[in-house]
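Please read the structure below before turning to the comments.
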Amino acid sequence: MRPERNKLDSSGRTLLIAFGAVAAAFILSTAVAEWSDLGIRRASQQIAGNTAPSIEHLALLRADLRRITLLDDGDLDAALEGRPPFQRKRIDATLTAIEHDWNGYHALPTLPGEADLVPAAERAQMDLATAIARLEQIERDPDRAQVRAVLEKELQPAAGRLDAAVLRLIDFNAARGGELARTIGKLGRQSVVNAIVLDAVCVLLTFVAGSLAWRLVRRTTALLERRADELEAFAGRVAHDVIGPLSAASLALDLLARGTAPPERVGRAIESGRAGINRARLIVDGLLAFARAGARPEPGIEADVAEVIAGAIKEIAPGDGEREIPIVSEIDAPGTVACNPGVLASLVSNLLRNAVKYAGGVQSPRIVVRARVIEDRRDARVRIEVEDNGPGLPPELGEQAFEPYVRGRNSRQPGIGLGLATVKRIADAHGGRVDVRSVSGVGCTFIVELPAARTDVTRLRSSGELPHARAQ
């Protein structure tokens, strides 16, 4: 289960990263939109608060200057002939309006580059004020020629220069306003493009995150289903493996209940029942420890192979008046394996029960159990073989014989198909392997290889039987 847990953890981290990327994309999208909006607001405020009011004040100033430049010879001739006199109030009102417009313009912030154009307008305004002052000095002089000269040579040229300078300022502010308007348009288009791109990224990341979430849910569901299957299989294995030892205890109790057996047989029955209960406890405790360790071998655990095989033979070999099935033990100093004794007892008992079940139907049943150490240059393994002379496996089974709940099509033997599946599950979990050699009508040999315990590997290396592993 550990690889599956690692996959789930990896998927969970990837999902968190994907959702983080979605959140970051939304935040980035909002930030980009706000930045574009800020630029648009700044440009709009500059147009509304500077360029537009500047153009307005300057345009009004030009209109007031127009009134002064419209003073022509007709006005002067009328004043010389004694007709309506020269109206000084018109000029005063116009000058007041010009000063008001100029002060309103000056109150606004100056744009970059605009300050270079202001001095020319200020000089023209000063020239206009000088001309007005001279006009005031000669206004009551009966010689109207001087008034004409001031109007034509000083006032109107100064007004013209001021008008030209103001027109340049108007053009500058209009150009700046157009530039700001284009900036607003560009920012608006860029904002739309950025919004579309970032929204597309958000949608894509959301889809990816949703897909990852869906896959994570599926993996979690599959893991839960597998764990439920494992739990069901574990319950079945425990029930399957304790039936044999408890059956011996049950037979002993039945014998004692009848009260007719001789004392020697009663003693053997009591011993057999006690051994069966102890073996059932050993198997259950071992399988529980195996399950709690995540269906993996416990660190540092060891089991004596010869001792476990002897206990299994003693439990399974029929006796007490029943038909004997010889179980021959050929143990060649197998030592210990890296396995819980109860788990190894479950493995060996399942192999022996399977052999007894199918060899019991032949004329002269015989079962052989072998165990020996197999060495190579890197490690050592213990090979356990259980050979019977039964009918052999059905040809259609093959490797499927080790799958849960799989049995031969025409099998008449009792069982639910968990024995060999338990053997394979234990061997795979411990880094071992299983195999079977079957000849129809001759018998089967089931082979299991498990890693030798670390202490045995060290012993074999120190004795020279197993070469030392090369330094990596």
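Numbers at a glance
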{"item": "Candidate set from segment 9-35 (those that are under 30 Å from residue 430 (Cα atoms) and surrounded by fewer than 16 Cβ atoms within 10 Å (Cβ to Cβ)); member that is modelled with the lowest pLDDT", "result": "9"}
{"item": "Residue check for residue 91: modelled with pLDDT of 80 or more and not small (Gly, Ala, Ser)", "result": "no"}
{"item": "Residue within segment 145-158 that is charged (D, E, K, R), more than 56 Å from the chain's Cα centre (by Cα) and modelled with pLDDT of 80 or more present", "result": "yes"}
{"item": "Residues located in segment 428-443, provided they are crowded, with 17+ Cβ neighbours inside 10 Å and part of a loop (DSSP other than H, G, I, E, B)", "result": "430, 432"}
{"item": "One residue from 345, 310, 303, 338 being at pLDDT 85 or above and in contact with a Cys (Cβ under 7 Å, 6 or more places away or on another chain)", "result": "303"}
{"item": "Flag if residue 399 is more than 22 Å from residue 345 (Cα to Cα), at pLDDT below 85 and surrounded by 14 or more Cβ atoms within 10 Å (Cβ to Cβ)", "result": "no"}
{"item": "Candidates 175, 159, filtered to the one that is closer than 30 Å to residue 53 by Cβ, assigned to a helix (DSSP H, G or I), in the same structural domain as residue 105 (by TED's automatic domain parsing) and free of Cβ contacts under 8 Å to residues at least 60 places away in the same chain", "result": "175"}
{"item": "Any hit, segment 174-183, residues being farther than 30 Å from residue 314 by Cβ, of a type outside the set (A, V, I, L, M), at pLDDT 80 or above and under 42 Å from the mean Cα position of the chain (by Cα)", "result": "yes"}
{"item": "Test: residue 331 is among the β-branched types (Val, Ile, Thr), under 19 Å from residue 438 (Cα atoms) and at pLDDT 80 or above", "result": "no"}
{"item": "Some residue of segment 124-136 being surrounded by fewer than 16 Cβ atoms within 10 Å (Cβ to Cβ) and at pLDDT below 75", "result": "yes"}
{"item": "Residue check for residue 67: assigned by TED's automatic domain parsing to the domain that holds residue 191, within 30 Å of residue 168 (Cα to Cα), among the charged types (D, E, K, R) and at pLDDT 80 or above", "result": "no"}
{"item": "Enumeration of residues in segment 345-377 that are part of a loop (DSSP other than H, G, I, E, B), of a type outside the set (A, V, I, L, M) and under 20 Å from residue 390 (Cα atoms)", "result": "360, 361, 363, 364, 365, 366"}
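Results for (1) surrounded by 19 or more Cβ atoms within 10 Å (Cβ to Cβ); (2) touching a strand residue (DSSP E or B) at 6+ places or on another chain (Cβ under 7 Å), shown as yes or no for each residue.
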site: 357; (1), (2): no, no
site: 360; (1), (2): no, no
site: 363; (1), (2): no, no
site: 368; (1), (2): no, yes
site: 371; (1), (2): yes, yes
site: 375; (1), (2): no, no
site: 380; (1), (2): yes, yes
site: 384; (1), (2): yes, yes
site: 389; (1), (2): yes, yes
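The values are calculated or read from the model by the stated rules, or taken from the named source; none is laboratory data. Everything numeric in this text was worked out from a predicted model, so none of it was measured. Heads up, the Cβs are rebuilt from the backbone with ideal geometry, glycines too, and the neighbour counts pull from every protein chain shown.
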